[in-house]
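The values are calculated or read from the model by the stated rules, or taken from the named source; none is laboratory data. These figures come from a predicted structure and were not determined experimentally. Because the Cβ atoms are built from the backbone with ideal geometry, glycine has one as well, and the counts that use them run over all protein chains shown.
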Amino acid sequence: MIRRLILMRHAKSSWDNPLQSDHDRPLNKRGRRSADALGNWLRGCAYLPDEILCSTAARTCETCDRLRLDDVPTRYLDRLYMAGPDRMLAALQGATGATVLMLGHNPGIGDFAQSIVAAPPQHDRFADYPTGATLVVAFEDGAWADLRWRAGTTEDFVVPHEL
């Protein structure tokens with residue numbers, strides 16, 4: 001059975017309130033438009049998850065909501081907030097869906113993306129993994145619990161300004 005990971009960095013967040021904690025920052029106007037566009041792109045490409053793993057930060061939760069994948073079971077995980085690659089891998093190894101969407105933050109999500117694929121996509125923005133960047137990766141055989149580094153095959157990569 002082929003498994004698929006959709007790895008998405010949250011959309012652009014607001015810095016309007018300098019007193020607001022990092023965890024509580026919402027999306028800005030551009031971020032809301034980007035999240036809407038990413039949801040349309042996922043549906044248009046038939047990249048539909050059957051499980052979502054999402055950081056508990058306001059900007060990741062809002063990104064997730066704006067994707068409009070309403071019937072997909074979602075787990076909000078504190079450990080994904082500002083997680084590094086190893087913590088992200090551990091969270092993914094606990095997944096149960098065939099297609100999992102994981103929403104997180106840089107720099108961890110960009111490092112995770114580079115470490116999980118055998119070969120990166122030919123895209124000039126992959127290395128810096130900007131807000132809203134979304135990588136789609138396929139994995140052959142096995143369970144999420146057995147997932148190892150460099151095991152994935154890149155299927156797609158997009159950034160919101162391309163949509």
Next on the checklist: So, in the stretch 12-54, how many residues would count as being touching a Leu at 6+ places or on another chain (Cβ under 7 Å), surrounded by 17 or more Cβ atoms within 10 Å (Cβ to Cβ) and closer than 21 Å to D71 by Cβ?
Outcome noted: 10
Checklist outcome for this item: Only one of L7, L69 is out of contact with any Ser or Thr (no Cβ under 9 Å at 6 or more places or on another chain) and either without any contact (Cβ under 8 Å) to a residue 40 or more places away in the chain or within 16 Å of L135 (Cα to Cα) (or both), namely L69
Checklist outcome for this item: (1) modelled with pLDDT of 95 or more; (2) surrounded by fewer than 17 Cβ atoms within 10 Å (Cβ to Cβ) all hold for M8 apart from (2)
Checklist outcome for this item: The correct count of residues that are surrounded by fewer than 21 Cβ atoms within 10 Å (Cβ to Cβ), over 22 Å from G39 (Cα atoms) and without any contact (Cβ under 8 Å) to a residue 40 or more places away in the chain in the stretch 106-141 is 10
Checklist entry - Under 6 Å by Cβ, and 6 or more places apart or on different chains, what pairs join a residue from the stretch 51-62 that is closer than 13 Å to R79 by Cβ and in contact (Cβ under 8 Å) with a residue 24 or more places away in the chain with one that is in a strand (DSSP E or B) and aromatic (F, W, Y)? => result C54/Y76; T56/Y76
Next on the checklist: For the stretch 105-163, give me each residue that is under 18 Å from R4 (Cα atoms), polar (S, T, N, Q) and not in a helix (DSSP H, G or I).
Outcome noted: T134, T153, T154
Item to check | The lone exception for P160 - which of (1) touching a helix residue (DSSP H, G or I) at 6+ places or on another chain (Cβ under 6 Å); (2) surrounded by fewer than 17 Cβ atoms within 10 Å (Cβ to Cβ) it fails | outcome: (2)
Checklist entry - Is there a residue being buried (at least 21 other Cβ atoms within 10 Å of the Cβ), closer than 23 Å to A138 by Cα and among the β-branched types (V, I, T) anywhere in the stretch 73-82? => result no
Next on the checklist: If a residue must be in a strand (DSSP E or B) and not aliphatic (A, V, I, L, M), how many such residues does the stretch 41-74 contain?
Outcome noted: 4
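So which of R43, R25, R30 ends up being more than 13 Å from the chain's Cα centre (by Cα), within 20 Å of I109 (Cα to Cα), charged (D, E, K, R) and modelled with pLDDT of 95 or more?
R25
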Checklist entry - Is there a residue being crowded, with 23+ Cβ neighbours inside 10 Å and closer than 19 Å to R32 by Cβ anywhere in the stretch 96-103? => result yes
